[in-house]
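Worksheet for the structure shown next.
The values are calculated or read from the model by the stated rules, or taken from the named source; none is laboratory data. Computed from a predicted model, the values in this text were never measured in an experiment. Reconstructed Cβ throughout: ideal geometry from the backbone, glycine too, with neighbour counts over all protein chains shown. All accessible areas refer to the heavy atoms of the entire protein, side chains included, with ligands and DNA or RNA removed. Shrake-Rupley method; radii C 1.70, N 1.55, O 1.52, S 1.80 Å.
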Amino acid sequence: MVKARYDLAFELYPYARSADQDAVVRHPVVIVGGGPVGLALALDLGLKGQPVVVLDDSEGAGQGSRAICFAKRTLEIANRLGAGEAVLAKGVVWKQGRVFHGSEEVYSFDLQPEPGHRCPAFVNLQQPWFEKFLVDAIRRAQGAGAPIEIRGRNAVTGVADVDGAVRVDVDTPDGAYALEAEWLVACDGARSPLRDMRGLSFEGRVFEDNFLIADVKMTADFPPERWFWFQPPFEGAGQSALLHKQPDDIWRIDFQLGWDIDRKAELDEARVRARVDAMLGKGVDYELDWTSIYTFQCRRMERFRDGRVLFAGDSAHQVSPFGARGANSGVQDAENLAWKLDAVLRGQAPETLLDSYDEERRAAADENILNSTRATDFLTPKTEASRTFRDAVLALAGRHAFARPLINSGRLSVPCIYDGLSLTGADALGGPAATRPGAPCMDAPLAEGFLLDRLTGGFTLLGIDALLPEVPGIDARLALDTRRDDPTGLLRARYLGDAPGAVYLIRPDQHVVARWPRAEAAKVSAALDLALGRSACA
Amino acid sequence: MRLILDPNIPDPDGFYDELLAAHAGLSDAESAALNARLVLVLANHVGDRAVLREAFSAAQASGATPAVDPSA
Ligand SMILES: Cc1cc2nc3c(=O)[nH]c(=O)nc-3n(C[C@H](O)[C@H](O)[C@H](O)COP(=O)(O)OP(=O)(O)OC[C@H]3O[C@@H](n4cnc5c(N)ncnc54)[C@H](O)[C@@H]3O)c2cc1C
């Protein structure tokens, strides 16, 4: 019998008996885990018409505070999947960050000085809401015929390779059953039981530090900015502290407590309150909404594909929360994998296309781990020398601008550019670097709406002041004319630079495959083959 | 640009004096902190990452025991 492992913030998919529990059924895709990554993947596949089953051992979004910062790329993906509006409506938009050393402000940053994007740099939203909005979008998609099924209280207890599939053993309130998956995607979180069942390792660094989260509910008129203190001036705040606004008058407060602590004692309400009181000042009225202590690690699996089992999100890689790279990068894993699984299942691409999922998202994970490790080294210096340099940076930053960019309280999540990887084609245009092959398309305002909203139909051939050839296998064509479609000039600036015109081949996940000054059907066709992994051995 | 390793400081004795004077009366920890700030200020002035990398190697190699030739 499966027991609930945690309390729910929202019950989203209560257990219901499935016909599969009476006879073994084979499914094209089974996803284990209904966290942000598993849900995004299911929605993406379902919208493409691909039947998909999600198994989760609980019945909804777990209570408690984890991710709060959702980055622009995640919002863009959510928009494409039909969940973006709810996230944007509920989330707190912010772009300003301030860094303090003691009581002195030493640095501030503005994350999106650049106009012309539909989505803001970040919104803050509690993770259970993000998951709820994905499930809401799944329910809407199901209503429109998307073949998605979510099964709550379905705990996966075993996997075995069988001919052409993976057999999955599942435990439910009505007892055990088995089903088969042509492709099994493990989105089962950092402790991934599937990773253990497959005997795969998860190596990396443990950081010896404890962080106390106190989410407090209060009506305060602090601005919606990210405030970060090194050596906070308030008593008991530890070595660093963070204050960040969430929806519903909830504020995330985070204290760095050090390694040798008594976790139970630190979570004592009176003790937490003493810390929060010292930070917020006397007479501020608040409720404690949630408290927990977390430690963290930076690590990844050696490979994200193990035959017919693919790993995505925290099961494949784990980073420190500084930089908000966990859920954000996991959602990008999901969107990378969704179109590749779809292409393989439709017979448009060989199975080896899935190796490019491993290649691209491993590169992304390495970039995220590098960034979050660097932030963590700055926040929690490990040696006397690193502490001396850290403090030197902070001491200089108040007076001298040069030291401010060296302050690292988390470099916030940006998507990885797949430079030089197997599916990335040539840059025959030599246009703006930000939209080079491998990069996710940058948004731009059009005369009506935004560019990214027009790049949602699979492989798209985008022409800007250029003729588009007929190329078999291209799903969508978008011909833009800067005289008509580019009222702000940003489309030209971001996609043409000095070129008179350009043709871009864009993947279903909105990454650029290749670009040319003008279109030649044969070249576009070859780039399409490359992006679908059809020319790897040519 | 390459890292300058030939004499480049006018009035070497005077410079050395100023360097020590900056540390006068400081504890070991305060001196270490001052040195760290100094490294950062000077590194920013140089700016060129290749030159800075050469400087790291030059400083590291000279820290080895004199009898050992680091290139051997
Ligand atoms: C304090 C903190 C702050 C964070 N802040 C941010 C942030 O601001 N931004 C950000 O992007 N990320 C942040 N993260 C990271 C983020 O929470 C994770 O990266 C994210 O939850 C990973 O999503 P996931 O879907 O891979 O896994 P999870 O969310 O862990 O979901 C895994 C799911 O699998 C299910 N499951 C597990 N085992 C089984 C089984 N055997 N059978 C069936 N189901 C199973 C679980 O019940 C769960 O629903 C933060 C993390 C922490 C701890």
Over the stretch A:433-531, what is the percentage of antiparallel beta bridges among all DSSP beta bridges, to the nearest 5?
70 percent
Angle between the Cα long axis of helix B:28-46 and the longest principal axis of chain B, 0 to 90 degrees, nearest 10?
60 degrees
Take B:Ala59 and A:Ala385, extend 7 Å from each Cα along the Cα→Cβ direction, and tell me the distance between the two endpoints in nm.
0.9 nm
Note to self: with every protein chain in place and a 1.4 Å probe, the stretch B:1-56 gives an accessible area per residue in Å² of 80 Å²
Label zone at B:Val51 (point 7 Å along Cα-to-Cβ), backbone N below 11 Å, the stretch B:4-33
B:4-5
Using θ = phi - 60° and the Karplus form 6.51 cos²θ - 1.76 cosθ + 1.60, what ³J(HN,Hα) does each residue of the stretch A:60-66 get, whole Hz, x for Gly and Pro?
x, 7, x, 6, x, 9, 10
Within the under-9-Å Cβ sphere about A:Asp358, not counting A:Asp358, Lys/Arg +1 and Asp/Glu -1 give a net charge of +1
Report the trypsin sites (Lys or Arg not before Pro) located in the stretch A:203-288 that are in a DSSP loop and have at most 15 other Cβ atoms inside 10 Å of their Cβ, or state none.
A:Lys282
If R0 = 30 Å, then A:Asp110 and B:Leu38, at their Cβ-Cβ distance, give a FRET efficiency to the nearest 0.05 of 0.45
Estimated inter-spin distance, A:Asp285 and A:Ala220, nm [label 7 Å along Cα→Cβ]:
1.6 nm
Count the DSSP beta bridges whose two residues both fall in the protein assembly as shown, then state the antiparallel fraction as a percent rounded to the nearest 5.
70 percent
Most positive-pole-ward Cα, A:Pro321, A:Leu280, A:Ile293, against dipole of the stretch A:274-345 from beta carbon charges:
A:Pro321
Total charge of the residues flanking A:Gly410 in space, meaning their Cβ is under 10 Å from its Cβ, with Lys and Arg +1 and Asp and Glu -1, is +4
Using DSSP H assignments, which helices in chain A have an axial alpha-carbon span of 27 Å or above and a mean Kyte-Doolittle hydropathy of -0.5 or higher?
A:326-345
Taking 0.36 nm per residue of separation between A:Glu11 and A:Gln142 and subtracting their Cα-Cα distance, the length gained on full extension comes to 45.4 nm
Gap in Å between the Cα centre of the stretch B:2-32 and the Cα centre of the stretch A:11-73?
63 Å
Distance between Cα centroids, the stretch A:194-232 to the stretch A:412-426: provide it in whole Å.
27 Å
Would you mind giving the mean number of other chain beta-carbons within 10 Å of the Cβ of each residue in A:247-255, as a whole number?
0
When N is the residue count of the stretch A:433-531, what does its C-alpha Rg come to as a fraction of 2.2 N^0.38 Å?
0.96
How would A:Leu267, A:Leu310 rank on accessible area, largest to smallest, probe 1.4 Å?
A:Leu267, A:Leu310
Can you tell me the relative contact order of chain A? Whole percent, Cα pairs under 8 Å, sequence separation 6 or more.
14 percent
So, with +1 on the Cβ of K and R and -1 on the Cβ of D and E, and no other charges, what is the size of the charge dipole of the stretch A:433-531 about its Cα centre, to the nearest 20 debye?
200 debye
Spread of Cα-to-Cα distances over 10 Å intervals beginning at zero, given as percent, for chain A
4, 18, 27, 26, 17, 8, 1, 0
Cα atoms only, the stretch A:314-419: Rg and Dmax in Å?
18.4, 61
Log entry, pair B-A: total buried accessible area, probe 1.4 Å, protein chains only, in Å² rounded to 100, is 700 Å²
Going by Cα centres, the stretch A:244-294 and the stretch A:500-528 are how many Å apart?
52 Å
Test item: Cα-centred dipole of chain A, Lys/Arg +1 and Asp/Glu -1 on Cβ, debye:
840 debye
Taking the dipole of the stretch A:1-151 about the Cα centre (Lys, Arg +1; Asp, Glu -1; charges at Cβ), the one of A:Val29, A:His101, A:Gly64 that reaches farthest to the positive side is A:Val29
Run the simple label-point estimate for A:Asp427 and B:Ile4 please: 7 Å along Cα→C-beta, distance reported in nm.
3.6 nm
So the number of lysine pairs in chain A with alpha-carbon atoms under 16 angstrom apart, 8 or more residues apart or on different chains, is 8
State the extension gain, in nm to one decimal, for the chain segment bounded by A:Glu367 and A:Glu208, taking 0.36 nm per residue of separation less the distance between their alpha-carbons.
55.1 nm
Charge dipole (debye, nearest 20) of the stretch A:1-110; +1 at Cβ of Lys and Arg, -1 at Cβ of Asp and Glu:
220 debye
